[in-house]
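Heads up, the thing below is written out as structure tokens.
What follows is calculated from the coordinates using simple rules that are stated; it is not laboratory data. All of these numbers come straight from a predicted model, not from anything done at the bench. In this analysis, Cβ positions are derived from the backbone assuming ideal geometry, glycine residues included, and neighbour counts consider all displayed protein chains.
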Amino acid sequence: MARTALVTGGTRGIGRAIVERLKQDGFKVAAGYSGNDEAARATAAELDVTVVKGNVGSFEDARRAVGEVEAELGPVEVLVNNAGITRDGFFHKMTPEQWGDVIRVNMDSVFNMTRQVIEGMRERSFGRIINISSINGQKGQVGQTNYSAAKAGMIGFTKALALETARKGITVNCVAPGYIGTEMVAAVPENVLQGIVANIPVGRLGEAEEIAAVVAFLARDDASFITGATLGVNGGQYMVG
């Protein structure tokens, strides 16, 4: 029987690529989103997947969204925590709102969503939790103390929960993308983007499908010996021994 996967932030960019790949691999897939109804309708129609609207920064909204998905598709066995935003700015000018928005959507959401599915995964002795972090959560980035803090927090969350759940058949892993050719990166000024690409050893931006391929591998039944890992997919820009 096909397993059910839920991908937050799943109607655009990296999230949509993950949804498409998991669907191709035979999963029953739900794509979570927060506000872009047009993108959600397109994703549902073009990929033949379920879409569910909700605010991942709200525990109660996360509970409702997971409940809707499980009522339609069955228990969530693969959770991909991909939803994220940026509110960039130098720290000495950063507002509490810029800080709080990013921590809530990028970090609190990992607790909010994972908490809804973890008990069921433990009862069934199977689960795949895959957190989409970032190269900037590993190395930091000027103007992104909020984003880097949240993405680094995801890595610590991953390691600790992996230890708690290892004997329950649940793996918890991180994927840390480098600079990927999404709408978010496309909004970067051309001169800045050229400088970024110049520092990527392979000489190009990554593709969303390349991130999706790594997620799809970690979601497989036979990836059960990989847990607590952070896999960097960054074209060699940042290497961790």
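Observations, loosely collected:
- For the chain, alpha-carbon Rg relative to the globular expectation (2.2 N^0.38 Å, N residues): 0.96
- Each label was represented as a point 7 Å from its Cα along the Cα-to-Cβ direction; for residue 72 and residue 58 these points are 1.8 nm apart.
- Nearest 10 degrees, 0 to 90: helix 59-73 Cα axis against the chain principal axis: 50 degrees
- Nearest 10 degrees, 0 to 90: helix 109-124 Cα axis against the chain principal axis: 30 degrees
- Packing here is the average count of other Cβ atoms within 10 Å per residue, and on that basis the peptides 158-165, 35-42, highest first, run 158-165, 35-42.
- Pairs of lysines in the chain whose Cα atoms sit within less than 22 Å of one another amount to 8, provided the residues are eight or more positions apart or on different chains.
- Charging the Cβ of each Asp and Glu at -1 and of each Lys and Arg at +1, and nothing else, the dipole of region 96-241 about its Cα centre rounds to 500 debye.
- Charge dipole (debye, nearest 20) of region 4-232; +1 at Cβ of Lys and Arg, -1 at Cβ of Asp and Glu: 600 debye
- Legend: Rg and Dmax of region 45-114, from Cα coordinates, 14.8, 47 Å.
- For the pair residue 202 and residue 48, the difference between a 0.36 nm per residue extended length and the Cα-Cα distance amounts to 52.0 nm.
- Acute angle (nearest 10 degrees) that the helix 13-24 long axis makes with the longest principal axis of the chain, alpha-carbon atoms: 30 degrees
- Ranked packing of 147-153, 77-83, most packed first, by mean Cβ within 10 Å: 77-83, 147-153
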